[in-house]
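Have a look at the structure below before the remarks.
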Amino acid sequence: MRIHSVEGLFEFELRDTYYTEIRMVTVLHQLAREAHDERVRVLFAEHRDETVEQIRRIEEVFVATEGTVDAEPSPAIDGIVQEKTVFEQHDSSPEMVDQFDLMNATKFEMLEIACYEALIDMAERTGKTAALPLLRENLAEEQRMLERVRRLAHELEPQLWTRTDQRRQKLSPS
């Protein structure tokens, strides 16, 4: 693919975002299946379902902008996914696994938000007005999901501190 214009850059970024969302469906399915806390499981399952709808909207953007529906591999999303593999090599409590997954979900959301913000900016500058409502809807969902992920991570934290304190007390000499 030759990129010599903002329109070409828009299509490249759209393909990158499409790949990211497709990859996220698989990742979110796995995270939901492996979650230890039911609230984490539900959050990831709901996000997976939302992501399927976001993929459909991206496909509509391809059609609306006369682009070719295609995915461009994204080293950014692949790197965040790879962090989970590295983390799994450590002996971690179930609570820490859920907390790590929520932390990584924050990274996913921030990446996706950046993608949609860039796409919206380019769509505005190039007159791709038909794409704007679809992209803005995806962006709004990602922003809401980021807040839900952060809120749940904070809700789980008091339990983590209590358990950490209990473990310290067991390990410290009396």
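Every number here is computed from the coordinates shown, using simple stated rules; none is lab data. Since the structure is predicted, the reported quantities are computational estimates derived from the model, not experimental observations. Here the Cβ is made from the backbone with ideal geometry for all residues, glycine too, and neighbour counts use every protein chain on show.
What value, in deg cm²/dmol to 500, does the helix sum -39500 (n - 2.57) over DSSP H runs of n ≥ 4 give at 222 nm once divided by the residues of the chain?
Counting only the DSSP helices, I get -29500 deg cm²/dmol.
Cut-off is 10 Å between beta-carbons; in what order do 21, 7, 46 appear when sorted fewest neighbours first?
By the 10 Å Cβ count, ascending: 46, 7, 21.
Based on Cα positions only, what radius of gyration and what Dmax would you give for the stretch 64-152, in angstroms?
16.3, 52
Given a Förster radius of 22 Å and the C-beta distance between residue 117 and residue 41 as r, what FRET efficiency does 1/(1 + (r/R0)^6) yield to the nearest 0.05?
For R0 = 22 Å, the calculated efficiency reads 0.15.
What does the charge count near residue 30 come to, summing +1 for each Lys or Arg and -1 for each Asp or Glu among other residues with Cβ under 12 Å from its Cβ?
Residues near residue 30 contribute +2 overall.
Normalized C-alpha radius of gyration of the stretch 1-98, against 2.2 N^0.38 Å?
With N residues counted in the stretch 1-98, Rg over 2.2 N^0.38 Å equals 1.30.
Among the trypsin sites (Lys or Arg not before Pro) within the stretch 1-55, which fall in a DSSP loop and have no more than 12 other Cβ atoms within 10 Å of their own Cβ?
Passing both the DSSP loop test and the Cβ count: 2.
Expected output is a single nm value to one decimal: the length gained when fully extending between residue 84 and residue 71, i.e. 0.36 nm times separation in residues minus the C-alpha distance. What is it?
Contour length minus the Cα-Cα distance gives 2.4 nm.
So for the stretch 30-79, considering every pair of alpha-carbon atoms, how many percent are separated by more than 14 Å?
Roughly 66 percent, once rounded to a whole number.
Which length gain, in nm to one decimal place, applies between residue 26 and residue 110 when the Cα-Cα distance is subtracted from 0.36 nm times their residue separation?
28.4 nm
Distance in nm between label sites at residue 96 and residue 136, each 7 Å beyond Cα in the beta-carbon direction?
4.5 nm
Round to the nearest 10 and give me the degree value, 0 to 90, for the angle of helix 94-126's Cα axis relative to the longest principal axis of the chain.
20 degrees
Taking the Cα-to-Cβ direction at residue 125 and at residue 60 and moving 7 Å from each Cα, how far apart do the two end points lie in nm?
For the pair residue 125/residue 60, the computed spacing is 2.6 nm.
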